[in-house]
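This report refers to the structure that appears directly beneath it.
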Ligand code: AMP
Ligand code: ZN
């Protein structure tokens, strides 16, 4: 498809990236009509707001919140405007959903937003505004994960705690409508995805579903039988299993099944954080 934002997402066209996660990308608008004018786009193509599913919108709005919060807390802004142009009459020129985020300061004299910054180099603006996440800088990692769901299906949350070199990184997220097994899988996936280089990872999970699929090698059977179970049913969550299999090809993973809701500190923390994510996603719903 000939979509300029899809090309930016694929890396075929360069951009001044501010932030990226598995679902969204935030980058500087090249129009230079306002300092820090940022676009937030979903990686999954949809032409406009009306064509975008609720879960994708929710992910975009979470990134809007993350970037806006960062601009206020770390970059010297007091607030921001967000705008979505829908339809050509409303000024939409690129038909891939995008949310304009305009950082604002008290007394910046923008009517709505119009502060030409022609002289400013976007690479300098990017350096000022970019979200730089700390890199996981070792290749021997301990990864604790957990997933939780309120109702099955229902609102769910997941958490991954990475420990390396006496340091720790916590990743969490969720979905308004999901299952417990999907959250367990996403816990592991989000942890492994955070690793920038091939690593040896000890994964600790209380999900028999996730751990036994590898320890008892259900995976080979599923792959050999075109994702059908021994009972001739379609395997659930194939999208996530495939993503996880790819990640276990990049990293050397050793699986450990832990007892849930016992006295394992890291497992309990993961559980707590996953549950707090459920509350956030219940609200969004
Ligand atoms: P809209 O008018 O709401 O469709 O907004 C599209 C925005 O995309 C405009 O503000 C353009 O300046 C911006 N834009 C178009 N091409 C690029 C690009 N290659 N990199 C960054 N921003 C772009
Ligand atoms: Zn697109």
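The numbers here are math on the coordinates, done by the rules we state, and not lab data. Predicted model only: the values in this text are computed from it and were never measured. Note that we place each Cβ from the backbone using ideal geometry, even for glycine, and neighbour counts take in every protein chain shown.
The table below gives the values:
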item	result
Helix axis angle, 180-193 relative to the chain longest principal axis, alpha carbon, degrees	70 degrees
Tensor-based shape of segment 140-284 (alpha-carbon gyration tensor, a/c under 1.5 rounded, otherwise prolate or oblate)	oblate
Ordering of 96-108, 231-243 by packing [mean C-beta count within 10 Å, highest first]	96-108, 231-243
Potential extension, residue 84-residue 31 segment - 0.36 nm per residue separation minus Cα distance	17.5 nm
Contour minus Cα-Cα distance for residue 218 and residue 202 (0.36 nm per residue)	3.8 nm
Sequence ranges 253-264, 35-46, ranked by mean other-Cβ count within 10 angstrom, highest first	35-46, 253-264
Residue of 229, 248, 52 that the Gaussian network model of the chain assigns the largest fluctuation, springs spanning Cα pairs under 10 Å	229
Acute angle (nearest 10 degrees) that the helix 265-284 long axis makes with the longest principal axis of the chain, alpha-carbon atoms	50 degrees
For the chain, built as a Gaussian network whose Cα springs stay under 10 Å, the top-fluctuating residue of 48, 60, 149	48
Structure-based [θ]222 nm, the chain - -39500 (n - 2.57) summed over DSSP H runs of at least 4, per residue, nearest 500	-10500 deg cm²/dmol
Within a Gaussian network of the chain (alpha carbon springs, distance under 10 Å), most fluctuating of 81, 226, 181	226
For the chain: relative contact order, % (alpha-carbon pairs under 8 angstrom, 6 or more apart)	17 percent
